[in-house]
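Undergrad: Quick one: structure below, then a few questions.
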Amino acid sequence: MLRDMQARRKKAAAVNISDLIIPAMFAGVLLYGIFTKTDVFAEFTEGVKEGLHTVYEVFPSLFCLVVTVAAFRASGGTQLLTELLTPVLGAAGFPPECGELLLLRPFSGSGATAIYEQILKNNGPDSYAGRVASVILGSSETTFYTLSVYFAAVKAKKTRYALAAALLGDLVCAVTSTIAVRALL
């Protein structure tokens, strides 16, 4: 018992290197400011002002996207589209359980994560649907969210080919996820 207590004290006293990263970064910034004679606080507050201005510029498009996705999902639109696409997805070898994930992932990361958790709960993580869902979630992007944030930040009105290229990337992700999971299954 005495050894257990001593081992616990040693473990508690040991400093984990990851606990020192943030304080080391702060110390590094302060030392840089001292050596270059830079007013670190003034630079910090200026950065906060710029960050808040960016939030102000991006917020309307982000809010619109979040509300639209929530309304579409609450109305049952994603489920209806999934049911309509199920025969096509099944014929292509894509698990129908992942249809809603495939539709929602380009719009909402948190919504896609909720669907992913539901797929794992219903089918299991080692099932074909669970593995395909894992590959999709890990290798695709929230396309519309990302485009709305980045294009709003730079005040771009025309996205040119960015949306088409990003959606093509999502489609390629869906196709290759089924191929990769079948090859490794």
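Undergrad: Looking only at the range 66-100, which residues are over 22 Å from V135 (Cβ atoms) and either of a type in the set (D, E, K, R) or not in a helix (DSSP H, G or I) (or both)?
TA: R73, S75, G76, E83
Undergrad: Oh, and also: Return the pair list, or none, for Cβ contacts closer than 7 Å from residues in the range 45-59 that are closer than 12 Å to K155 by Cα to residues that are in a helix (DSSP H, G or I), at least 6 apart or on different chains.
TA: Note: pairs meeting the criteria are T54/A153; E57/A152; E57/A153; V58/V149; V58/A152; V58/A153.
Undergrad: Quick one: what pairs do we get from the range 109-135, first residue in contact (Cβ under 8 Å) with a residue 40 or more places away in the chain, second part of a helix (DSSP H, G or I) and of a type in the set (S, T, N, Q), C-beta under 7 Å, 6+ apart or different chains?
TA: Correct list of pairs: V132/S177; V132/T178; V135/S177.
Conditions tested, residue by residue: (1) at positive phi; (2) of a type outside the set (V, I, T); (3) touching a helix residue (DSSP H, G or I) at 6+ places or on another chain (Cβ under 6 Å).
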residue	(1), (2), (3)
V40	no, no, yes
L65	no, yes, yes
V69	no, no, no
A74	no, yes, no
T78	no, no, yes
V88	no, no, no
A92	no, yes, no
C98	no, yes, yes
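Undergrad: Using the structure shown, decide if F63 is assigned to a helix (DSSP H, G or I), under 18 Å from the mean Cα position of the chain (by Cα) and without any contact (Cβ under 8 Å) to a residue 24 or more places away in the chain. Talk me through it step by step, then tell me what you get.
TA: Details: assigned to a helix (DSSP H, G or I): yes; under 18 Å from the mean Cα position of the chain (by Cα): yes; without any contact (Cβ under 8 Å) to a residue 24 or more places away in the chain: yes.
Yes: the conditions hold for F63.
Undergrad: Can you pull out every residue in the range 32-60 that is over 28 Å from the mean Cα position of the chain (by Cα), among the hydrophobic types (A, V, I, L, M, F, W, C) and surrounded by fewer than 11 Cβ atoms within 10 Å (Cβ to Cβ)?
TA: I34, F35, F41, A42
Undergrad: Moving to a separate point now. Among F144, F107, which is in the same structural domain as T178 (by TED's automatic domain parsing), within 18 Å of the chain's Cα centre (by Cα), aromatic (F, W, Y) and outside any helix (DSSP H, G or I)?
TA: So the residue among F144, F107 that is in the same structural domain as T178 (by TED's automatic domain parsing), within 18 Å of the chain's Cα centre (by Cα), aromatic (F, W, Y) and outside any helix (DSSP H, G or I) is F107.
Undergrad: For a quick check of your reading of the model, give me the residue pairs whose first member lies in the range 144-164 and is closer than 17 Å to Y56 by Cβ, whose second is modelled with pLDDT of 85 or more and not in a loop (DSSP other than H, G, I, E, B), with beta-carbon atoms closer than 8 Å and at least 6 apart or on different chains.
TA: Close Cβ pairs satisfying both conditions: F151/A162.
The values are calculated or read from the model by the stated rules, or taken from the named source; none is laboratory data. This structure is a prediction, so every number in the text was calculated from the model and none was measured. With ideal geometry, Cβ positions are generated from the backbone for all residues, glycine too; neighbour counts draw on all protein chains shown.
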